[in-house]
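Derivation of every value follows stated rules applied to the coordinates shown; laboratory data play no part. What you see is a predicted model, and the numbers here were worked out from it, not measured in a lab. So basically every Cβ, Gly included, is an ideal-geometry build from the backbone, and we count neighbours across all protein chains shown.
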Ligand code: ZN
């Protein structure tokens, strides 16, 4: 297995929650010499310097300051998101029902719910601890399977194979134990992992996830199967290309948003001040003129990277036959007349040129004209900042399933194209 793919599998396995994905991004940036900047303190930046910020413990922006003046050269930006659809625990809904310990969940984003049923599930997230030292947050990842959301037997639900809608309140609570116990076993697991007292845990933000490791499948291992390819695979590709960047002429920026799956309207989502503030502050570190910020934006470009829908032989009718992307045939340029994707003729051509420079194939996707189109952070950021933007992404099956499948060649192709971009 090549190093890039092994690294992708490690990244996927370590990203058991949005918080853990963010931690991994930050630790890789630190290892590559990027310095953390606190948004609450004044920036002091050097040309060629590598820096990153993190907002609300999740969203990260990393950048390498270009050698050319920003007003003349602008920013080369690539953006993705680090959140995936999942089930969030409702901590006050942990209860014993006839000896069965259950926990209610909220649905985060739009998962294919049936794929979460009858699977071993673990939990990960963030915990607030209040002790003698004060209040602090800790990250927890239980790692082992400890929960399951079982179906009713077919004998009790004979129509299930005709299509079944799970009631999110009453049929999704996760079962944690059938052993009589006192107290709250989740709190005791967390306390053991962190090394604190159960009584010190004051708040939790925990999500269920699939602890089965990411793996290669197919006769020659040409596909990857994992939770969260959307959009951790694009995040990994941008991060890998940015880390490989050495003294670029134009300032290279990787943006890893949170909360795309729930509409992006949060302080760490795409529909926030996060990127605008950072870019403006970057300009003001070089020049006191606000005019230079606007000039820089006019010379900037955004690649919005999010997964695409690969041809699925069992659902042929779902694709426009002239715009069907295939796995392992290169990154997909996404186009939409109603600008659900931000690509334009010019921005698409720029991405095609990057693929040609990198000597990698590319494909184009347009949704069937009789079907509604998905969207990405691309149109939001393009509109906020007036950026020339292209929407691209690698093709996968079963987007928003607990297991998504993609092609391993596409991953290397996209990293090569992004490396040509960040120069
Ligand atoms: Zn996505």
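Before moving on, here are some points about what is shown:
- Seen against the Cα atoms of the chain and their longest principal axis, helix 18-31 is set at about 50 degrees.
- Cα-Cα separations in region 86-209 greater than 27 Å, expressed as whole percent: 22 percent
- The order of the peptides 299-306, 69-76 by mean Cβ neighbours within 10 Å, most packed first, is 299-306, 69-76.
- Förster radius 25 Å - calculated FRET efficiency between residue 204 and residue 177, Cβ distance, rounded to 0.05: 0.90
- Residue 100-residue 131 FRET efficiency (beta carbon distance; Förster radius 41 Å; 0.05 resolution): 0.80
- Sorting 399-409, 356-366 by their mean Cβ neighbour count within 10 Å, with the most densely packed peptide first, gives 399-409, 356-366.
- Cα convex hull of region 1-102, projected area averaged across orientations, nm²: 10.9 nm²
- Summary of packing: across the peptides 93-105, 21-33, the per-residue average of other C-beta atoms within 10 Å ranks them, highest first, as 21-33, 93-105.
- Equivalent ellipsoid semi-axes, region 195-313, via Cα gyration tensor eigenvalues times 5, rooted, Å: 34, 25, 15
- Value of Rg to Rh for region 164-218 (Rh from inverse mean 1/r over Cα pairs, i.e. Kirkwood): 1.08
- Three-way shape call for region 346-423 based on the alpha-carbon gyration tensor, with the a/c threshold at 1.5: oblate
- Spin-label model, residue 2 to residue 249: label points 7 Å out along the Cα-to-beta-carbon direction sit 2.7 nm apart.
- Degrees between helix 345-358 axis and first principal axis of the chain (Cα, 0 to 90, nearest 10): 90 degrees
- Stretchable slack from residue 118 to residue 346, in nm (0.36 nm times residue separation minus alpha-carbon distance): 77.4 nm
- Placing dummy labels 7 Å off each Cα toward the beta-carbon, the span from residue 148 to residue 316 is 3.9 nm.
- Spherically averaged projected area in nm², based on the convex hull that wraps the Cα atoms of region 45-95: 5.5 nm²
- Divided by 2.2 N^0.38 Å, where N counts the residues, the Cα radius of gyration of the chain comes to 1.02.
- Degrees between helix 408-421 axis and first principal axis of the chain (Cα, 0 to 90, nearest 10): 40 degrees
- Alpha-carbon geometry of region 258-398: the Rg and the Dmax are 16.8, 58 Å, given in that order.
- Placing dummy labels 7 Å off each Cα toward the beta-carbon, the span from residue 161 to residue 46 is 6.8 nm.
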